[in-house]
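What follows is one structure encoded as structure tokens, with my remarks underneath.
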């Protein structure tokens, strides 16, 4: 613990918590890839073969199993970022940052639930459901993931980059990468396949920076 003042103590955030972002980035990237492979997208993907393809169904089941854990580690990641940044005087930016992160988590869970509904409409024996049901579930899952979750991710990345730039807690190159990532997620996520992988890639970069910066701070503190 660290002494904050007379009679006050605050918990010291473990540096290893910074690794939560690394785990989140890897889990989210894996889930996105498996969902992309498990639920085909596009007009030519409307085929009954999916319901008899065990590999695609297994990929989707694996993705759905990863999403809740990705959400849990994302909350830890938010905590690690807030601990690294410290107190933010601008309440507007702090609220946007935290709010967009929470909405992203909720929307990703909704997309996973929609994908699970797609999986559930197939009979265990592999019977093919009606195409309207199949189309609705598919488009609903992708709309939640690419149209809503990733745009909330764009707000999260942008607000973090602004905070990091104003407080000087992020290097210049990382803030530039953050702004470019936010722009890509905002404009391309609904139209460019695999564009949503930009978010876990940015999260991985930020997490590695936080972990390395935490280790350097710990080494300097121990030296003094």
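Bear in mind that the values in this text are calculations on the coordinates, not laboratory data. Quick caveat: nothing in here was measured; it's all calculated off a predicted structure. Every residue, glycine as well, gets a Cβ built from its backbone with ideal geometry; the counts of neighbours run over all protein chains shown.
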Taking 151-158, 30-37 and ranking on average Cβ neighbours within 10 Å, highest first, one gets 151-158, 30-37
Extension length gain for residue 166 and residue 191 (0.36 nm per residue less Cα distance), in nm, is 5.8 nm
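Once fully extended, how much extra length lies between residue 117 and residue 65, figured as 0.36 nm per residue of separation less the alpha-carbon to alpha-carbon distance? Write down the numbers at each step before the final one.
Numbers: separation 52, 0.36 × 52 = 18.72 nm, distance 1.38 nm.
Answer, rounded to one decimal: 17.3 nm.
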So, with points 7 Å from each Cα along the Cβ direction, the residue 75-residue 54 label distance in nm works out to 3.6
Rounded to one decimal in nm, the spacing of the 7 Å Cα→Cβ label points at residue 176 and residue 139 is 4.1
Length gained if residue 208 through residue 94 is fully extended, taking 0.36 nm per residue and subtracting the Cα-Cα distance, is 38.9 nm
